[in-house]
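Just below is one structure, and these are the notes that go with it.
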Amino acid sequence: MNEERAAVIRAARSLFDRGLTHGSTGNVSLRTDDGILVTPTGSSLGTVTEDDLSLIDDRGAHLAGPRPSKEAFLHAAVLRARPSARAVVHTHSTHAAAVSCLRDLDHADALPPLTAYFAMRVGRLPLLPYHAPGDDALEGLAEETARTHTALLLRNHGPVVAGASLSAAMDALEELEETAKLFLLLRGLPTRPLTPAEAEALRPAD
Ligand SMILES: [Zn+2]
């Protein structure tokens with residue numbers, strides 16, 4: 001459990017130190033034998049410690065430790081939907097959050113497959129409709145959508161990304177953020193994304 005706690009703290013620090021989260025936004029979770037470890041409510045990922053981590057069950061109920069993030073229910077929902085996933089990372093990272101505010105996005109797939117690594121690590125990126133922070137009406141929708149997608153983009157908010165390990169979830173989150181940045185840089189320029197066949201050949205398994 002201690003190594004698992006340490007891994008969550010390393011991931012949280014890494015997100016914060018590289019500007020992928022700010023203030024007390026963003027949360028990281030990891031499935032363990034005892035339940036789901038998740039970063040606590042109202043705490044910066046830059047200063048959170050191993051003892052600050054909350055433990056919740058797979059329905060999102062608080063088991064031990066400080067009060068979990070108000071967004072912990074999203075982590076539990078995605079982990080229920082994806083038995084093969086062990087970790088979930090959620091941020092309000094700037095470029096992905098910017099894309100989540102654009103009009104006229106394809107709700108089934110908010111970002112084009114600009115690069116092979118995005119196609120490989122993220123695949124399709126569904127856009128979930130706006131909900132106020134902590135509105136658990138999002139729970140069922142996130143669970144349903146996560147069954148067939150490894151990453152979700154919350155409208156006017158940010159990405160939620162699952163992975164078979166914490167490092168896989170981090171890699172996919174970062175790939176998504178960088179692709180969002182490319183997408184914004186390329187807006188208005190004639191662009192050639194991967195073809196559907198090229199993207200499909202790389203897409204992660206549901
Ligand atoms: Zn959030």
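The values are calculated or read from the model by the stated rules, or taken from the named source; none is laboratory data. Keep in mind that this is a model prediction, so the values were computed, not measured. Quick reminder, even Gly has a Cβ in these numbers, built from the backbone with ideal geometry, and neighbours come from all protein chains shown. Surface accessibility is based on the protein's heavy atoms, side chains included, excluding ligands, DNA and RNA. Shrake-Rupley method; radii C 1.70, N 1.55, O 1.52, S 1.80 Å.
Within the stretch 64-108, restricting attention to residues that are of a type in the set (S, T, N, Q) and within 11 Å of the ligand (Cβ to nearest atom), which residue is nearest to Asp34 (Cα to Cα)?
Looking only at the stretch 64-108, we keep the residues that are of a type in the set (S, T, N, Q), and these are 69, 84, 91, 93-94, 100.
Next, from what is left, pick out any that are within 11 Å of the ligand (Cβ to nearest atom): 69, 91, 93, 100.
Details: Ser69: 18, Thr91: 25, Ser93: 30, Ser100: 34 Å.
So, considering only residues that are of a type in the set (S, T, N, Q) and within 11 Å of the ligand (Cβ to nearest atom), the one nearest to Asp34 (Cα to Cα) is Ser69.
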Apart from one, (1) away from the ligand (no atom under 16 Å from the Cβ); (2) of a type in the set (A, V, I, L, M, F, W, C); (3) not in a loop (DSSP other than H, G, I, E, B) all hold for Ala142; the odd one out is (1)
For the subset of the stretch 167-181 comprising residues that are under 15 Å from Leu153 (Cβ atoms) and open to solvent by 40 Å² or more (accessible area, probe 1.4 Å), which member is farthest from the chain's Cα centre (by Cα)? Lys181
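Can you confirm whether the stretch 58-70 contains a residue that is closer than 14 Å to His157 by Cβ and of a type outside the set (A, V, I, L, M)?
Keep residues of the stretch 58-70 that are closer than 14 Å to His157 by Cβ, which gives 69-70.
With of a type outside the set (A, V, I, L, M) added as a condition, the list becomes 69-70.
Among the residues of the stretch 58-70, at least one is closer than 14 Å to His157 by Cβ and of a type outside the set (A, V, I, L, M), which makes the answer yes.
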Take the conditions more than 19 Å from Ile36 (Cβ to Cβ) and either open to solvent by less than 20 Å² (accessible area, probe 1.4 Å) or of a type outside the set (Ser, Thr, Tyr) (or both) and apply them to Pro129. Does it pass? yes
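Looking at Ala180, Ala137, can you tell me which residue is in contact with a His (Cβ under 7 Å, 6 or more places away or on another chain), within 17 Å of Ala77 (Cβ to Cβ) and within 16 Å of the ligand (Cβ to nearest atom)? Before you say what the answer is, go through the steps one by one.
Working: Ala180 fails: within 17 Å of Ala77 (Cβ to Cβ).
Of Ala180, Ala137, the one residue that is in contact with a His (Cβ under 7 Å, 6 or more places away or on another chain), within 17 Å of Ala77 (Cβ to Cβ) and within 16 Å of the ligand (Cβ to nearest atom) is Ala137.
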Spot the failing condition for Lys70; the list is (1) modelled with pLDDT of 95 or more; (2) in a loop (DSSP other than H, G, I, E, B), and only one is missed. (1)
What's the total number of residues in the stretch 94-114 that are within 20 Å of His131 (Cβ to Cβ) and among the hydroxyl-bearing types (Ser, Thr, Tyr)? 1
Within the stretch 182-194, residues loosely packed, with under 14 Cβ neighbours inside 10 Å and not in a helix (DSSP H, G or I) come out as Arg187, Gly188, Leu189, Pro190, Thr191, Arg192
Select from the stretch 83-99 the residues that are more than 13 Å from the chain's Cα centre (by Cα) and not hydrophobic (A, V, I, L, M, F, W, C) and write down the one among them that is most open to solvent (accessible area, probe 1.4 Å). Pro83
In the stretch 108-130, is there at least one residue being at negative phi, without any contact (Cβ under 8 Å) to a residue 24 or more places away in the chain and within 17 Å of the chain's Cα centre (by Cα)? yes
